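Input: a single structure, listed below in C-alpha cells.
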Amino acid sequence: MSSGIRLFKTRATNNSCKNILLSLTLICVCTSPCRAGMGLRTGEEEGLWDEDGYGVVLATIRNIHKNPDAAGYYQFLATLEPRASLCGEIDPSLYPSVAVGFNYDGTGTSVKEMPAEGATVMTVVIRGEKGLGIVSDYCTFMPGSSSLVAVSGLDDPKVKETLKQLQSARKAAAAKAAAATQPAAPASAP
C-alpha cells in the first residue's frame, strides 16, 4: 500500500475517532442532570429532607426586593410567612416569618417567574450557612421543575400533584435505603 493511501486512511480514522469522541461528549453533557451549573433534585436523594436541610413549604411571600449587597450570593431577598410544610424541617408553628434569599431568571436558577408581593407560593427551601434560601436547583417534583411557584392555596392542583410526587419520591428513597441495608443474596450454584 502506498504511503499516500496509508496517510489518508490514518487521517480518516483519526477524524472518525474525533467525531465519535465529540459525539459521545455532547451526549454526556446534554443528558447530564445539571443545567447551567445547577443541580437536579428528584426528592429521592439520601439525606435531602433531614441532614441536608431541604424543605417544601406553602407560604405567603412579602418584602421582595433586590439584594443591596451586589456581591451577595442571592439576587433577591424576601420574607416568607409559612402556612404549611409539605416536607422537611420548616415548621410554620416555630417559624411564623423567615427571611430568605433567592435568584431569579438567570442562567443559574430554576426560578423563571417572579411572584407578586403577597402571593401564596410553594417553594423548596434549604437551611445553609447563609441562612434560609430558596434553592436554585431544578426540582423534578415541583411544577415545571421550578423551586418557586405561585399557587392559589392549599387546594391548588399544583400543591396536590407536588405532594403526590414527594410521596412517590420518598417511598422510592426508603426502598433504596432498605435495599442497601439488606445483605446480598448468596449466588445460586449452577
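The values are calculated or read from the model by the stated rules, or taken from the named source; none is laboratory data. A quick note: this is a predicted structure, and the numbers were derived from the prediction, not measured. Heads up, the Cβs are rebuilt from the backbone with ideal geometry, glycines too, and the neighbour counts pull from every protein chain shown.
Residue under question is VAL125, and the condition is that it be closer than 20 Å to GLU51 by Cβ, under 15 Å from the mean Cα position of the chain (by Cα) and either surrounded by 14 or more Cβ atoms within 10 Å (Cβ to Cβ) or not β-branched (Val, Ile, Thr) (or both); does it hold? Step through it out loud before you land on a result.
On the way: closer than 20 Å to GLU51 by Cβ: yes; under 15 Å from the mean Cα position of the chain (by Cα): yes; either surrounded by 14 or more Cβ atoms within 10 Å (Cβ to Cβ) or not β-branched (Val, Ile, Thr) (or both): yes.
Here the answer is yes, as VAL125 does meet what is asked.
Just to be sure before I move on: is VAL111 within 15 Å of the chain's Cα centre (by Cα) and in a strand (DSSP E or B) in the structure I sent? Give the derivation first.
On the way: within 15 Å of the chain's Cα centre (by Cα): yes; in a strand (DSSP E or B): no.
Taking the combined requirement at face value, the residue does not satisfy it.
Go through (1) free of Cβ contacts under 8 Å to residues at least 12 places away in the same chain; (2) closer than 23 Å to LYS158 by Cα for PRO68 and report which single condition fails.
Failed condition: (2).
So which residues in segment 72-90 are part of a loop (DSSP other than H, G, I, E, B) and within 20 Å of the chain's Cα centre (by Cα)?
The answer is TYR73, TYR74, GLN75, GLU89, ILE90.
Is it true that some residue in segment 44-55 is hydrophobic (A, V, I, L, M, F, W, C) and in a strand (DSSP E or B)? Don't jump to the end; show me each part of the working.
Step one: filter segment 44-55 for residues hydrophobic (A, V, I, L, M, F, W, C), giving 48-49.
Applying the additional criterion that residues be in a strand (DSSP E or B) yields none.
Scanning segment 44-55 turns up no residue that is hydrophobic (A, V, I, L, M, F, W, C) and in a strand (DSSP E or B).
Only one of (1) in a loop (DSSP other than H, G, I, E, B); (2) touching a Leu at 6+ places or on another chain (Cβ under 8 Å); (3) over 20 Å from HIS65 (Cα atoms); (4) free of Cβ contacts under 8 Å to residues at least 60 places away in the same chain is not met by PHE141, so which one is it?
Of everything listed in (1) in a loop (DSSP other than H, G, I, E, B); (2) touching a Leu at 6+ places or on another chain (Cβ under 8 Å); (3) over 20 Å from HIS65 (Cα atoms); (4) free of Cβ contacts under 8 Å to residues at least 60 places away in the same chain, PHE141 misses just condition (4).
Given the condition part of a loop (DSSP other than H, G, I, E, B) and surrounded by 16 or more Cβ atoms within 10 Å (Cβ to Cβ), answer yes or no: does some residue in segment 93-101 qualify?
Here is the first cut: in segment 93-101, the ones part of a loop (DSSP other than H, G, I, E, B) are 93-97.
Retained after the next criterion (residues that are surrounded by 16 or more Cβ atoms within 10 Å (Cβ to Cβ)): 95.
Yes, segment 93-101 contains a residue that is part of a loop (DSSP other than H, G, I, E, B) and surrounded by 16 or more Cβ atoms within 10 Å (Cβ to Cβ).
Restricting attention to segment 30-46, and to residues there that are at pLDDT 85 or above and of a type in the set (Gly, Ala, Ser), which single residue is surrounded by the most Cβ atoms within 10 Å (Cβ to Cβ)?
Ranking the qualifying residues of segment 30-46, first place goes to GLY43.
State whether one or more residues within segment 72-80 are surrounded by fewer than 19 Cβ atoms within 10 Å (Cβ to Cβ) and within 17 Å of LEU48 (Cα to Cα).
Checked against the condition, which is being surrounded by fewer than 19 Cβ atoms within 10 Å (Cβ to Cβ) and within 17 Å of LEU48 (Cα to Cα), segment 72-80 yields no hits at all.
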